[in-house]
Amino acid sequence: MSLRSGEGLARPPDRERGCSDARPYGSVCAVTVSTRLRRILALVLALLVASGFLVAPAAASGWSLKASGSGTITTAQSRTLSVSYTRDGRAVARATVQLQRKVGTEWVAVTNVTTGPGGRATARVAPNNSQVYRFRTARAVSNQLTVTVVPATFTISGSGSGHGVGMSQWGAYRMARTGSTAKQILEYYYQGAAVSTATRAATSLSNDAVATIKVQVLGPPSDSRTTTRLSVGSGAWRLRNAAGTQVATGRASQPVTIGVTSTGVKATFTSSSGTVTKSSSTLYFEWTGTRYYQTSGTKAVASVLGAQGTYRNGRLEVKKVSGRPNVVNQVVLNTEYLYGLDEMPSGWGTSSNGGAAPCRRRPSPRGRTPSPRRRARACSRRAAATSTTTRAARTTPAGASRAGATGARGSRR
């Protein structure tokens, strides 16, 4: 009895399942090699993708990552980003999803999260500046999320065309609309000041405590400069000391530099004989064409370095306050100051021209005082109805000044 090659011999111990028995003894199992190779290649690819050497496709067939959480936070807050992982519309649980942050054109890993039974996961971020995020796996990439970061607090500094100190006209307007009286508005902006009534004949131009007011144009607390410069565009100027004595005169071509001393302020300018310095506890800068100096002379306009206006009328009083120069303009209230404001119509405050009058607290025909909200609505309607009249009334009466604080427009006074 003869045996064919291979007959009656035991199956080699290294034969793997999946190999055909028809293959000759000692042959390599092609199915086993192919399966192992596929597994090894898949593992290598997964490692390359996880390490960032390879980019996974935007979404493998049926796999999806949907992210949410874009928004704005402050530097003191955090933001929760959410992701939903599905395959063919069904949740993928217990999957590891990586949160990434964009740096330039690259994506860097932030953290890994694991999806729950519903295929959802969250990650909390607290960036110091605005960032773009996304979630990803080896099979899918989510949409991008933008977290915008703004400061936790804001400090807004600035003003309009006025001198930047005192009462905000827009703020006072709003307070009037919500029912505040003139006295309450003044006490709010000038805390510590005593609000009272001063009577004076309307035609008076006397330079006394009743007719004249002092308007700060430069100085603490809003101005930190330790020097400034006074000048006129034409005509001439003069300096007086605290006793009222004239100590210097000059022309438009001779600006005056103001500084501080241990006891007050000093003024320095250049004359034909050289540099001149005058010191006093208080200095007064006056210019031609005003009621202080050469009334019929050239109508000069004064300016203050660092201030936000020019000044046709008045005189500048310079003192030391908190170690810095403090400059105020002395002007007559009803003629030089109010009519010197560009935005102030001649009929401001009267019911026929709008202004504050329509906003005043007044009883209803039945004797009841309307609520602040109803009064504000009525004020808006009346102000809108009289806006054309108000603009038409922005003219200066004959003989009135136009520049108690020229250019102090829409600002704090």
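The values are calculated or read from the model by the stated rules, or taken from the named source; none is laboratory data. Since this is a predicted model, take the numbers as computed values, not measurements. We place every Cβ from the backbone using ideal geometry, glycine too, and count neighbours over all the protein chains shown.
Table for the structure above
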item	result
Residues of the stretch 233-254 that turn out to be within 44 Å of the chain's Cα centre (by Cα) and closer than 14 Å to Tyr292 by Cβ, as a count	6
Candidate set: the stretch 320-341, residues that are within 33 Å of the chain's Cα centre (by Cα) and under 23 Å from Ala243 (Cβ atoms); chosen: the one surrounded by the most Cβ atoms within 10 Å (Cβ to Cβ)	Asn329
Residue in the stretch 243-253 that is nearest to Val276 (Cα to Cα), counting only those that are small (Gly, Ala, Ser) and surrounded by 13 or more Cβ atoms within 10 Å (Cβ to Cβ)	Ala248
Flag for Leu305 being modelled with pLDDT of 90 or more, out of contact with any Cys (no Cβ under 9 Å at 6 or more places or on another chain) and under 23 Å from Trp287 (Cβ atoms)	yes
Residues (free of Cβ contacts under 8 Å to residues at least 24 places away in the same chain and either buried (at least 21 other Cβ atoms within 10 Å of the Cβ) or not in a loop (DSSP other than H, G, I, E, B) (or both)) located in the stretch 288-314	none
